[in-house]
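Trainee: Here it is, the structure, as structure tokens.
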Amino acid sequence: MAYRVLGRAGPPQPRRARRLLFAFTLSLSCTYLCYSFLCCCDDLGRSRLLGAPRCLRGPSTSGQKLLQKSRPCDPPGPTPSEPSAPSAPAAAVPAPRLSASNHSGSPKLGTKRLPQALIVGVKKGGTRAVLEFIRVHPDVRALGTEPHFFDRNYGRGLDWYRSLMPRTLETQITLEKTPSYFVTQEAPRRIFNMSRDTKLIVVVRNPVTRAISDYTQTLSKKPDIPTFEGLSFRNRTLGLVDVSWNAIRIGMYALHLESWLRYFPLAQIHFVSGERLITDPAGEMGRVQDFLGIKRFITDKHFYFNKTKGFPCLKKTQSSLLPRCLGKSKGRTHVQIDPEVIDQLREFYRPYNIKFYETVGQDFRWE
């Protein structure tokens, strides 16, 4: 009985051993295959993150048929010196938006720019009239108020100055007027530093008439000031004019012009006659338009003479249904001045006027 049991149990041992060996071998192969797949998947994951091509560290013998289509990885170390494939273009970075102090605005609305032209003088010469007349032109955009940048507010910087300007299109000229620039010693250099190509407009007027107009304006604000005669002379008997009084000093045009000619050529400065601006506004504005390099849009059809004020006004236009004249402060009746005082001042200004005529090449006929 014992033999049978042993006999029946004995013979199957080789087959069982073979089965166990086969199972062990299969298990080992599967383990190795899984390990290979894990390595492969790890490489594939990294290659996807880094944009590298898929590869295997090395084909396993047991999984060779399954993975034979996958190429082996390149050996570690520096990559061969061959051209690499272009990387995918990076997302476009939006351009930074310009601040309000810089050039700003849409093409339709225009852009705030530093002025290309300035009305720099002179006070009580007719600068407001020139500004209002030139604003009718479609190719000009002008600041309505006087910014006083180059004399009082220069410390605020050009960005502040630009922020005050009206928006203009590429085809339009930006313009501002501050009459006190002409007599400000630092203004020519400061404007030159902004742009040496700036075009300058100077509206001049008989210096005696200009001084009386200046005094009349001051008198309307300060009724208790001394008389015109008292302010004009240090010693009237000797004919000594007080050049420290601003109303007198402004009319010494030749003296102030010297400062401007140190920085700007004469061809870059245009002189408007305050007298002709009254008698022939279209002619004077035609020359202004030529100087600015724009077509002659403003003509006789834009003006009519206002007898009450004594100077021309703008007719109604498409943008304004009513005629437009300068404000109440313009066209005041001048105070009466002793004719002898006027004659003395004419003699004082005569050499300055002659030098001014010779410098600019125009005779304004103030004598």
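Trainee: Just checking, does the stretch 323-342 include any residue being at pLDDT 95 or above and either under 21 Å from residue 127 (Cβ atoms) or part of a loop (DSSP other than H, G, I, E, B) (or both)? Outline the logic, then answer.
Mentor: Keep residues of the stretch 323-342 that are at pLDDT 95 or above, which gives 337-342.
Next cut, either under 21 Å from residue 127 (Cβ atoms) or part of a loop (DSSP other than H, G, I, E, B) (or both) only: 337-338.
The answer is yes, given that some residue of the stretch 323-342 is at pLDDT 95 or above and either under 21 Å from residue 127 (Cβ atoms) or part of a loop (DSSP other than H, G, I, E, B) (or both).
Trainee: Of the conditions (1) open to solvent by less than 30 Å² (accessible area, probe 1.4 Å); (2) in contact with a Lys or Arg (Cβ under 9 Å, 6 or more places away or on another chain); (3) of a type in the set (D, E, K, R), residue 176 fails just one. Which one is it?
Mentor: Every listed condition holds for residue 176 apart from (2).
Trainee: I need a count of the residues in the stretch 98-141 that are farther than 28 Å from residue 215 by Cβ, touching an Asp or Glu at 6+ places or on another chain (Cβ under 9 Å) and modelled with pLDDT of 95 or more.
Mentor: 4
Trainee: Turning to a different aspect of this structure: From the set of residues in the stretch 254-294 that are of a type in the set (Phe, Trp, Tyr) and in contact with a strand residue (DSSP E or B) (Cβ under 6 Å, 6 or more places away or on another chain), which is surrounded by the fewest Cβ atoms within 10 Å (Cβ to Cβ)?
Mentor: Residues of the stretch 254-294 of a type in the set (Phe, Trp, Tyr): 260, 263-264, 271, 291.
In the following step, the residues that additionally are in contact with a strand residue (DSSP E or B) (Cβ under 6 Å, 6 or more places away or on another chain) were identified as 271, 291.
On the way: 271: 20, 291: 18.
The residue in question is 291.
Trainee: Name the pairs: first residue in the stretch 182-203 and hydroxyl-bearing (Ser, Thr, Tyr), second residue open to solvent by 30 Å² or more (accessible area, probe 1.4 Å) and modelled with pLDDT of 95 or more, Cβ to Cβ under 7 Å, at least 6 apart or on different chains?
Mentor: 184/151; 195/114; 198/116
Trainee: While we're looking at this one, here's another question. Does at least one position in the stretch 185-204 carry a residue that is in a loop (DSSP other than H, G, I, E, B), over 37 Å from the mean Cα position of the chain (by Cα), of a type in the set (S, T, N, Q) and loosely packed, with under 15 Cβ neighbours inside 10 Å?
Mentor: First, pick out the residues of the stretch 185-204 that are in a loop (DSSP other than H, G, I, E, B): 185-186, 195-198.
Cutting the leftovers down to over 37 Å from the mean Cα position of the chain (by Cα) gives us none.
No - not one qualifying residue is present in the stretch 185-204.
Trainee: Another question, if that's okay. I want to confirm something. Restricting to the stretch 137-156 and keeping residues that are in contact (Cβ under 8 Å) with a residue 40 or more places away in the chain and out of contact with any Lys or Arg (no Cβ under 9 Å at 6 or more places or on another chain), which single residue is surrounded by the most Cβ atoms within 10 Å (Cβ to Cβ)? Don't jump to the end; show me each part of the working.
Mentor: Taking the stretch 137-156 as the starting set, the residues that turn out to be in contact (Cβ under 8 Å) with a residue 40 or more places away in the chain are 137-140, 150.
Then drop every residue that is not out of contact with any Lys or Arg (no Cβ under 9 Å at 6 or more places or on another chain), which leaves 138, 140.
Working: 138: 13, 140: 23.
If we take residues in the stretch 137-156 being in contact (Cβ under 8 Å) with a residue 40 or more places away in the chain and out of contact with any Lys or Arg (no Cβ under 9 Å at 6 or more places or on another chain), then 140 is surrounded by the most Cβ atoms within 10 Å (Cβ to Cβ).
Trainee: Considering every residue within the stretch 228-248, establish whether at least one is hydrophobic (A, V, I, L, M, F, W, C), surrounded by 15 or more Cβ atoms within 10 Å (Cβ to Cβ), more than 17 Å from residue 122 (Cβ to Cβ) and without any contact (Cβ under 8 Å) to a residue 60 or more places away in the chain.
Mentor: So in the stretch 228-248, the residues hydrophobic (A, V, I, L, M, F, W, C) come out as 228, 231, 233, 238, 240-241, 243, 245, 247-248.
Applying the additional criterion that residues be surrounded by 15 or more Cβ atoms within 10 Å (Cβ to Cβ) yields 228, 231, 233, 241, 245, 247-248.
Okay, now just the ones that are also more than 17 Å from residue 122 (Cβ to Cβ), so 228, 231, 233, 241.
Imposing the further condition that a residue be without any contact (Cβ under 8 Å) to a residue 60 or more places away in the chain reduces the set to 231.
The answer is yes; a qualifying residue exists.
Trainee: Can I ask one more? Is at least one residue of the stretch 301-314 in contact with a Phe, Trp or Tyr (Cβ under 8 Å, 6 or more places away or on another chain), open to solvent by less than 40 Å² (accessible area, probe 1.4 Å), part of a helix (DSSP H, G or I) and at pLDDT below 95?
Mentor: Yes, the conditions are met somewhere in the stretch 301-314.
The values are calculated or read from the model by the stated rules, or taken from the named source; none is laboratory data. Just so it is clear, the structure is predicted and the values come from calculations on it, not from any experiment. Because the Cβ atoms are built from the backbone with ideal geometry, glycine has one as well, and the counts that use them run over all protein chains shown. Only protein heavy atoms, including side chains, enter the accessible area calculation; ligands, DNA and RNA are left aside. Shrake-Rupley method; radii C 1.70, N 1.55, O 1.52, S 1.80 Å.
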